[in-house]
1. With the condition kept exactly as written, say whether any residue in the range 2-12 is aromatic (Phe, Trp, Tyr) and at pLDDT below 75.
2. Using the structure shown, decide if SER23 is at pLDDT below 80, surrounded by 13 or more Cβ atoms within 10 Å (Cβ to Cβ) and either touching a helix residue (DSSP H, G or I) at 6+ places or on another chain (Cβ under 6 Å) or part of a helix (DSSP H, G or I) (or both).
3. Whether any residue in the range 31-50 is of a type in the set (D, E, K, R), part of a loop (DSSP other than H, G, I, E, B) and loosely packed, with under 13 Cβ neighbours inside 10 Å is what I want to check.
4. Being small (Gly, Ala, Ser) and within 20 Å of ASN34 (Cβ to Cβ) is true for just one of GLY130, GLY120, GLY58. Which residue is that?
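The values are calculated or read from the model by the stated rules, or taken from the named source; none is laboratory data. Quick caveat: nothing in here was measured; it's all calculated off a predicted structure. Please note: Cβ atoms are built from the backbone with ideal geometry, for glycine as well, and neighbour counts cover all protein chains shown.
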Amino acid sequence: MSSEWQPLVFLAAVEPDSPSWPSLYWPLSESKVNLWSPNDMIRFTLYWTIIFFEVIYGVAGLWALVVSWRYKWSYMIPVAFVVTALLTGSLSGSIVGGVLAALYGAGKFPMSTWVPFLWGLVQALIVVMGCYSTVTTIL
């Protein structure tokens, strides 16, 4: 490793030594899978965030479809929810992934493959928490 500063590269290409996604391992085992590349850190965080958002928005969209099934265009409600989940998940997943990659890259630390999973889950739970009007009023 050189001591020169190297900027983060935000490319979608998978590097040859990149672990396959999801590469989650049992934490108590001796074999660990770490992410070293900023691109992998962003990619893993992005994928997990989109998956969690799709599940949450998909369930909400299906519930909205069940509630309003009598209307002519009600079948478009889940589609709108899924598209919204894709857009918001992509935006927040790439931002959080970029921040994580910058933090881990600054210290030259390896990132466990569980970190993007947990950050995607945290973001999804924040979305759920924001659905309640009293919580957003307090915040």
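1. yes
2. no
3. no
4. After applying the criteria, what remains is GLY120.
For every residue, the table says whether it meets (1) crowded, with 17+ Cβ neighbours inside 10 Å; (2) modelled with pLDDT of 90 or more.
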| residue | (1), (2) |
| --- | --- |
| PHE53 | yes, yes |
| ILE56 | yes, yes |
| TRP73 | no, no |
| VAL83 | no, yes |
| GLY97 | yes, yes |
| ALA101 | yes, yes |
| THR113 | yes, no |
| LEU121 | no, yes |
| LEU125 | no, yes |
